[in-house]
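Engineer: Structure incoming, see below.
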Amino acid sequence: MDRDPRIPLVFRERTPSEAAARARDFTEDLARRRSVRDFSDRPVPAALIADCLRAAASAPSGANQQPWHFVAVGDPVVKQRIREAAEAEERTFYGGRAPGEWLAALRPLGTDASKPFLEKAPWLIAIFQLRQGVGPGGERVTHYYPTESVGIATGMLIAALHRAGLATLTHTPSPMNFLNEVLGRPRHERPFLLLVVGHPAPGCTVPDLRRKPFDEVATFLEAAT
């Protein structure tokens, strides 16, 4: 059976106290992360975005096929085109396509079809899911677990950007096929999510949300002692 060459694992084990401290610090830091809709136009270096994308690209994936592509957009002209196309879809969504129950769920967040942050924020990161790849002979190769894999990579990207001191917003206008046209991506790549990235505007506020209690989202089945 063919298999990749094997190399030694590079793994750094932590002492119990160090592991506990690192887990606690990471949890407290991520708990402060909030979705932001009011961005500053303050510049963010492309190199910083690239480092965060490298972290995302290290995510595990089905059969190590890495079924993702990230397009980081800092060009104002391209951002304007994305905003125009996204707002056209959003007007249709808020104007009748969305069921009333969905609109009611969104109402406390105060969202509507206007998306100025798509131009104001210094970076938009379009995340594409590759349903198929291209083999060494140019043949199509099926990707396995692409949605799960891209979801993991996206979570790692959001965490990396937050750790770098940047604010983010996950934006999912539906449908998002316009991203293929605006960004020149092939048809076999499916838009997965549009991530808005930058610094919060001065005086930025966010909804006073509450998370579910921990015992509602996690269950432990430990060995009997």
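Engineer: Percent of Cα-Cα pairs per 5 Å bin, from 0 to the last occupied bin, for the stretch 175-225, please list those.
Structural biologist: With a bin width of 5 Å, the distribution comes to 4, 12, 11, 9, 10, 12, 13, 13, 8, 5, 2, 1.
Engineer: Now, a different point. Using the Cα centre as the reference, give the magnitude of the dipole from point charges on the C-beta atoms of the stretch 1-91 (Lys, Arg: +1; Asp, Glu: -1; all else neutral), rounded to the nearest 20 debye.
Structural biologist: Working: 16 positive and 15 negative charges, 40 e Å.
Using Cβ point charges on Lys, Arg, Asp and Glu, the stretch 1-91 gives about 200 debye.
Engineer: In addition: Which residue fluctuates most in the GNM of the chain (Cα springs below 10 Å): ARG22, ARG14, ARG190?
Structural biologist: Greatest mean-square fluctuation among the candidates belongs to ARG14.
Engineer: Keeping the other protein chains in place, figure out the carbon and sulfur percent of the accessible area of the chain, with a 1.4 Å probe.
Structural biologist: 54
Engineer: At 1.4 Å probe radius, can you tell me the per residue accessible area of the chain in Å²?
Structural biologist: 65
Engineer: Right, next: Scan around TRP123 for amide H atoms under 5 Å from its own, H built in the peptide plane at 1.01 Å from N, and keep only partners 5 or more places away or cross-chain.
Structural biologist: It is VAL197, by chain and number.
Engineer: Pull out a ≥ b ≥ c, the square roots of the eigenvalues of the alpha-carbon gyration tensor of the chain, then state rounded if a/c is under 1.5, prolate if not and a/b is larger than b/c, and oblate in the remaining case.
Structural biologist: Oblate, since a/c reaches 1.5 and b/c is not below a/b.
Engineer: Can I ask one more? In a Gaussian network model over the chain where Cα atoms closer than 10 Å are linked, find which of GLY184, GLY137, GLY203 has the largest mean-square fluctuation.
Structural biologist: Most flexible of the set in this elastic network: GLY137.
Engineer: Return the aspartates and glutamates within reach of LYS115: Cα separation strictly under 20 angstrom, same-chain partners fewer than 8 residues apart disregarded; answer none if there are no such residues.
Structural biologist: ASP38, ASP41, ASP75, GLU84, GLU87, GLU89, GLU90, GLU181
The values are calculated or read from the model by the stated rules, or taken from the named source; none is laboratory data. Since we're looking at a predicted model, the values are computed, not measured. Glycine also receives a Cβ, built like all others from the backbone with ideal geometry; neighbour counts cover every protein chain displayed. All accessible areas refer to the heavy atoms of the entire protein, side chains included, with ligands and DNA or RNA removed. Shrake-Rupley method; radii C 1.70, N 1.55, O 1.52, S 1.80 Å.
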